[in-house]
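To start, the structure itself, in structure tokens.
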Amino acid sequence: MKTIDTIYIDGAFVTPHGTELFDLHNPATGRVIGQVQLGDEIDTRAAIAAAKRAFPAFSRSSRQERIALLNRLADAVQARSAELTEAVIEEYGAPISRAEWMSDYAVGGFRLAAQTLETYEFTRRIGSAKVTMEPLGVVGLITPWNANAGFICNKLAMVIASGSTAVIKPSEMSAIQTQIVTEALHEAGVPAGVFNIVTGRGEVVGAEISAHRDIAKVSFTGSTATGRAILRAGAETMKRVTLELGGKSPMVILDDADFAEAVPFALMAGFMNSGQACIAGTRILVPRARLAEFEAAIKAAVAEVRSGAPRDPETAIGPMVSQRQWDRVQSYIRKGSEEGATLLIGGEGRPEETKDGWFVRPTVFTDVRNDMTIARDEIFGPVLSIIPYGTESDAIAIANDTDYGLHAYVAGSDPARAQAVADQLVAGRVVINGAPMEPMAPFGGFKQSGIGRENGVFGLEAYLEPKAVMG
Ligand code: NAD
């Protein structure tokens, strides 16, 4: 049993004023593995005050000082990589390869921010004006459980690059990862108050951050419902926001696609992070003329996908993070059948070889209509919907017929045609035929998938405000 009973304020590990103890679980067994003592509003206010005190000096730090700090932070987190990977497996249930990727992602955030800072022009002339890009002040960072350490590091990296200071509210379900990251960041020698971390409940610590007048901006990754609550709470004090929310991303299979490549691409996009990914490609649009062929190919491929113990290197899908998430996924599988979709493979219950733990069966429905609940709602589990279409323009219309617009995928043999389809999809990012991600490109969503962009220059500017001086 691990006990985490400190939060991090003003450069020191301190006992929270809050007294609530929150259970931490191993999703692969369902058992309690530790407890975290949660911070409260008073802790949050102390953290905000520390960040406010640190801002004037830190905002005047030089580009070279911040680059050096970002590189030290990357090294410090990298030094704890193996431990962080273990924590991600134990506390979140990610399969080994994903857990390793998540640790690398946490380190990479600092390196990419340092790289962005190298060449960024903070001052430019526009006509007679000198325009400088100014840091915002104290920024609130709120992260979800599906990549907690990575989001803490990525968001903090850009705050530091901009010259602002931060109060971080990590997911309360990811306290072991948070503890390792906090220790690493502390060891890197960040000036006191530049970052503060208060683990606590969303409706307590998150709500205080979202409403506090000394918070200039909130950067949030999580559900669309919580994003709305943050936007409402921040309206009173005109907070800037970056909201990275949910998705229901289309995977458009064109009629010239080679299914030997398109099917693995669809499963990679659909089942990544055990299906608990905001960018998961969960609506697979398949030309009706090739539907039976696609169904046979994906059914055979899913039968080989192992959903089970995260430490088994053969495992592609780990358990859901919590009982609540498991119940949610089960209810959507039930709903899919009730609304008349055809279950192609998978279904309710656990995979045969698993007994306890929050494991789910990789599931694919076919004959799904885009107005069915499983095609509208973000399920956040390994449940995919095949939606047949007639013409290419039908496919584009169906792909765009969603409240979300975070991501999209296109599979096809003719690059020019796939590009033309990608150009018509309303999404913050489109990946064609499994192309690698570009980490410096903007990341974020259209419509109810969010507001603003992260990463690279777009991500840095999200923490800066232009100021024009004339004369
Ligand atoms: P969530 O919205 O419930 O929680 C996210 C964070 O917000 C947690 O730290 C939580 O404590 C906090 N929170 C909850 N209520 C709050 C409130 N009223 N005010 C302020 N903060 C509050 O989401 P989750 O269940 O942790 O994560 C899953 C969701 O996150 C999914 O919907 C997924 O799509 C989304 N997500 C999006 C991205 C992205 O980049 N777009 C990435 C990962 C997850």
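The values are calculated or read from the model by the stated rules, or taken from the named source; none is laboratory data. Source: prediction; values computed, not measured. Neighbour counts run over all protein chains shown; Cβ positions are idealised from the backbone, glycine included.
General observations
- Count - residues of region 181-203 that are over 21 Å from Ser59 (Cβ atoms) and buried (at least 22 other Cβ atoms within 10 Å of the Cβ): 6
- Highlighted here are the strands (runs of 3 or more DSSP E) found entirely within region 318-413 that include at least 2 residues which are of a type in the set (S, T, N, Q): 363-366.
- Being away from the ligand (no atom under 15 Å from the Cβ), assigned by TED's automatic domain parsing to the domain that holds Val457 and buried (at least 24 other Cβ atoms within 10 Å of the Cβ) is a description that applies to Ile160.
- Residue within region 290-307 that is within 16 Å of the ligand (Cβ to nearest atom) and surrounded by fewer than 21 Cβ atoms within 10 Å (Cβ to Cβ) present: no
- Residues (within 8 Å of the ligand (Cβ to nearest atom), of a type in the set (Ser, Thr, Tyr) and under 30 Å from Asn433 (Cβ atoms)) located in region 224-263: Thr224
- Condition check for Gly109: crowded, with 19+ Cβ neighbours inside 10 Å, on the phi > 0 side of the Ramachandran plot and not aromatic (Phe, Trp, Tyr): no
- Only one of Lys169, Lys155 that is within 16 Å of the ligand (Cβ to nearest atom), basic (Lys, Arg), farther than 16 Å from Ala74 by Cβ and in the same structural domain as Ala211 (by TED's automatic domain parsing): Lys169
- So Ala266, is it in contact (Cβ under 8 Å) with a residue 12 or more places away in the chain, within 20 Å of the chain's Cα centre (by Cα) and away from the ligand (no atom under 11 Å from the Cβ): yes
- Qualifying residue in region 428-445 (condition: within 22 Å of the chain's Cα centre (by Cα), aliphatic (A, V, I, L, M) and part of a helix (DSSP H, G or I)): no
- Just one of the listed residues (Gly18, Gly11, Gly39) is surrounded by 15 or more Cβ atoms within 10 Å (Cβ to Cβ) and at positive phi, and it is Gly11.
- Within the option set Thr226, Thr237, Thr282, being crowded, with 22+ Cβ neighbours inside 10 Å and either part of a strand (DSSP E or B) or in the same structural domain as Thr165 (by TED's automatic domain parsing) (or both) holds for one residue only, Thr282.
- Qualifying residue in region 404-426 (condition: hydroxyl-bearing (Ser, Thr, Tyr), surrounded by 22 or more Cβ atoms within 10 Å (Cβ to Cβ) and either at positive phi or within 16 Å of the ligand (Cβ to nearest atom) (or both)): yes
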